[in-house]
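Please read the structure below before turning to the comments.
The values are calculated or read from the model by the stated rules, or taken from the named source; none is laboratory data. Note that the structure is a prediction, hence the values are computed from the model and not measured. So basically every Cβ, Gly included, is an ideal-geometry build from the backbone, and we count neighbours across all protein chains shown. Protein only, heavy atoms only, side chains kept; ligands, DNA and RNA dropped before computing areas. Shrake-Rupley method; radii C 1.70, N 1.55, O 1.52, S 1.80 Å.
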Amino acid sequence: WFGVHVASVLFAYASFALACVIGITYVLLFKEIKAKHLGVFYARLPSLETLDKMNARAVTVGWIFLTLGVAVGGIWVSGADATDPRVQAMSIQDPKIFTALVCWAVYSFELYAQRAIGWRGRRAAWLSAFGFALVLLNFLPVSYFLTESHNF
């Protein structure tokens with residue numbers, strides 16, 4: 001279970017990284033079109049509509065794998081050695097777990113906003129960038145300095 005947990009979360013983070021890059025690309029292309037200065041980005045990139053669809057797909061794939069990773073992590077911890085202090089420290093109060101759940105909530109909101117509210121384009125692009133900033137926060141400083149249970 002542990003291997004599936006790690007692989008699915010890493011795949012989710014990779015999908016979110018892709019969504020962030022696509023989102024930033026969308027914003028840059030949008031600004032170029034709005035300024036009516038069609039240059040490097042306009043000539044080499046797909047349309048805004050295509051970038052928006054790519055962003056939505058990357059977020060959806062990442063959300064599915066993050067959901068799987070969180071669920072499998074819960075299954076794994078329920079069967080793990082309860083005498084291990086790292087396993088005992090795993091709870092919602094662990095900064096790594098809490099930040100991962102906040103990331104899941106942000107991307108859940110992005111999917112909801114895209115489908116129910118109609119947030120597309122720049123709003124979705126900025127949400128992707130914000131969500132990936134949380135992923136980086138979770139992946140780097142929280143993982144190395146703040147958590148006691150995710151030091152494997």
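If the condition is being in contact (Cβ under 8 Å) with a residue 60 or more places away in the chain, open to solvent by less than 70 Å² (accessible area, probe 1.4 Å) and over 27 Å from residue 73 (Cβ atoms), then the range 97-123 contributes only 121.
Residue 27 passes every criterion in (1) of a type in the set (Val, Ile, Thr); (2) within 15 Å of residue 132 (Cβ to Cβ); (3) exposed (fewer than 15 other Cβ atoms within 10 Å of the Cβ) apart from (3).
Quick check: anything in the range 1-9 open to solvent by 80 Å² or more (accessible area, probe 1.4 Å), assigned to a helix (DSSP H, G or I) and free of Cβ contacts under 8 Å to residues at least 24 places away in the same chain? No, the range 1-9 contains no residue that is open to solvent by 80 Å² or more (accessible area, probe 1.4 Å), assigned to a helix (DSSP H, G or I) and free of Cβ contacts under 8 Å to residues at least 24 places away in the same chain. If you go through the range 124-143 and keep only what is free of Cβ contacts under 8 Å to residues at least 12 places away in the same chain and open to solvent by 70 Å² or more (accessible area, probe 1.4 Å), you end up with 136, 140. Condition check: at pLDDT below 85, of a type in the set (Gly, Ala, Ser) and open to solvent by 70 Å² or more (accessible area, probe 1.4 Å). Does residue 43 satisfy that? Taking the combined requirement at face value, the residue satisfies it.
Inclusion of residue 92 among residues that are modelled with pLDDT under 85 and within 15 Å of residue 10 (Cα to Cα) is not warranted.
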